[in-house]
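Inspection log for the structure reproduced underneath, given as structure tokens.
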Amino acid sequence: MTINDVAHSAPATPSLIDGPALWPAQAHTPSVLGRQLVVERGEGCWLYTTDGRKLFDGTAGLWHANVGHGHPELAQAAYEQMLQLETYHIFARYSNDKALQLGEKLAAISPIERAKVILNSGGSDAIDVACKLARRHWQREGRTSKKVILSREFAYHGLHAYGTSIAGLEFNREGYGSESLVPETARISFNDPAQVEEVIQRIGAENIAALVTEAVQGTGGVNPPTPGYLETIARLCRENDILLILDEVITGFGRMGTMFAAEYYGLEPDMITFAKGVTSGYAPLGGVMVAPRLWEPFYVDAPDTPIFRHGATYAGHATACAVALKHLEILEREQLVPRVAELESVLRQALEDLAARVEAVTEVRSAGLLGGVTLDASLSAEQVCDDLVELGFIGRPLRGNTIQISPPFIITDAELHSLIDAIGQAVTGRSGK
Ligand code: PLP
């Protein structure tokens, strides 16, 4: 029996069946139905719920609302694009002007030199495409045994078939009848590069297509890399001809105080996956930035040039791309990325102060505008986050009894202090220490 099957034989409960038709995501239904916080409006860092609450969004939703909620220019960009053309697909000889413009813009700001850009609808999509392209690359090269995708323990890469299969949070892989949906995957240590080297030797570099990693693990508990870890695994990838896929779905577009975490950590990945921060969530959009080594063979002028069969109806959706273009303009105009660089030390200091003053806080971690507060075992991060809501703030419980902090970039210093103070208050309220 696994965590997913706890109530496998119980009949559905009438009071739950009669609830909303919408099946909530990632939910133990008896724990959430009847007490959902239903958000109906957002403005800046603030959210308003149908039961009259006003809440400060300390997580920017699911790490996405970087420019804050309710930005009128983004609404206007979507409206104008829809009037002109909702979208047109980008299959074969068709394209649309906004997808092409966004491709140019993303290639220009990508840490990958001469990148080509694949567009789709979100982070899980992007991961699926990146893993497929890694395998496609080695098949095309004739190195057909290179199929395994490595990922780190505690990793989160979305929940499509590939994301599920490479999940480092075990509960996301459980319950589907085999170790993973896509067979050729393996886990590596999240912080010990020596163990990574061992795994590569055991599996054999000739069998490994790619290594996927977040720069700072998000859902796994806000885990910045241990010093030297990313640099070492990048070197191991280079030396062993393993493609490096950097998952920047959370870190991309400014959350580290640099446009991408690749710049923050000095990495040169073969692919970068992105989503969330490309539009601040104003339209569903994600994609992959691809290095020349991978795309050039598909761009040869010859009848037998191979095809990479990626694509979906909404790949390069014109309205989503128009929103992304306006959004990137706002990030630049309002200098929000350098602002995050300033906020990094404010957050770090506030968290260190919190840990010094509140005994039940056992560890704090941060990088850029990402923070994690870990609580001792006498407390539940989930309960503390419920109490936080009563204080008017949203935090989110993550693996490892940790509270996620990832506010919009527009947060003021004073608001950031209020958020951390509220977490302290919620923790001491529960623990008395
Ligand atoms: N990769 C990372 C690092 C993420 O944090 C997420 C979502 O939180 C995903 C991929 C999946 O993105 P999406 O939820 O847009 O499919």
Study note, to complete from the structure: For the chain, longest principal axis from Cα atoms; helix 229-239 axis from its Cα atoms; angle between them, nearest 10 degrees, is 10
Point to revise | Check: the chain dipole with +1 on Lys, Arg Cβ and -1 on Asp, Glu Cβ, in debye | key: 700
**Study point:** Cα long-axis angle, helix 193-203 against the chain (0 to 90 degrees, to the nearest 10)
**Key:** 50
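If R0 is 25 Å, what FRET efficiency do you get for Thr412 and Glu382 from their C-beta distance, rounded to 0.05?
Values: r = 28 Å, r/R0 = 1.12.
Taking R0 as 25 Å, the efficiency between Thr412 and Glu382 is 0.35.
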**Study point:** C-alpha center-to-center spacing [segment 354-378, segment 286-308] in angstrom
**Key:** 45
Exercise for review: Give me the angle, in degrees from 0 to 90, between the Cα long axis of helix 413-431 and the longest principal axis of the Cα atoms of the chain, rounded to the nearest 10.
Suggested key: 60
Review point. In nanometres, what is the gap between the two model label sites at Asn207 and Asp421, each 7 Å from Cα along Cα-to-Cβ?
Key: 5.7
Exercise for review: Could you name the lysines whose alpha carbon sits less than 29 Å from that of Lys433, not counting residues in the same chain fewer than 8 places away?
Suggested key: Lys54
Check your understanding: How much net charge surrounds Glu268 when only the other residues with a Cβ under 15 Å from the Cβ of Glu268 are counted, with Lys and Arg +1 and Asp and Glu -1?
Key -> -3
Practice item. May I ask for the equivalent-ellipsoid semi-axes of the chain, computed as the square root of five times each C-alpha gyration tensor eigenvalue and listed largest first in whole Å? Key: 34, 27, 23
Point to revise | Counted charge near Thr185, where neighbours are those whose Cβ lies closer than 15 Å (Asp, Glu -1; Lys, Arg +1) | key: +1
Exercise for review: Report the residues of segment 393-425 in range of a label on Phe171: point 7 Å along Cα→C-beta, backbone N strictly under 16 Å from it.
Suggested key: 396-404
Review point. Taking 0.36 nm per intervening residue step and subtracting the Cα-Cα distance, what contour gain separates Trp23 from Ser95 on full extension?
Key: 22.4 nm
Check your understanding: From the square roots a ≥ b ≥ c of the eigenvalues of the alpha-carbon gyration tensor of segment 117-266, which class results: rounded (a/c under 1.5), prolate (a/b over b/c), or oblate?
Key -> rounded
Review point. In straight Cα distance, which lysines are under 23 Å from Lys276, not counting same-chain residues fewer than 8 positions off?
Key: Lys98, Lys105, Lys116, Lys132, Lys326
Point to revise | Sequence of Leu244, Leu354 once ranked by neighbouring C-beta atoms within 10 Å, starting from the fewest | key: Leu354, Leu244
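If you keep only loop residues by DSSP, which GluC sites (Glu not before Pro) in segment 106-172 have at most 12 other Cβ atoms within 10 Å of their Cβ?
Glu113
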Review point. Using the 10 angstrom Cβ neighbour count as an exposure proxy, how do Thr226, Thr273 rank, fewest first?
Key: Thr226, Thr273
**Study point:** Computed over segment 73-334: relative contact order in percent, which uses C-alpha pairs under 8 Å that are six or more apart
**Key:** 29
Practice item. State the antiparallel share, in %, of DSSP beta bridges confined to the chain, rounding to the nearest 5. Key: 65
Check your understanding: Ranked by Cβ crowding within 10 angstrom, fewest neighbours first, how are Ser431, Ser189, Ser280 ordered?
Key -> Ser431, Ser189, Ser280
Review point. Once you put a point 7 Å from the Cα of Glu198 and another 7 Å from the Cα of Asn240, both along the Cβ direction, what distance in nm separates them?
Key: 1.3
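Readers should treat all values here as calculations from the given coordinates under stated rules, not as data from a laboratory. Here the structure is a predicted model, which is why all the values come from computation and not from measurement. With ideal geometry, Cβ positions are generated from the backbone for all residues, glycine too; neighbour counts draw on all protein chains shown.
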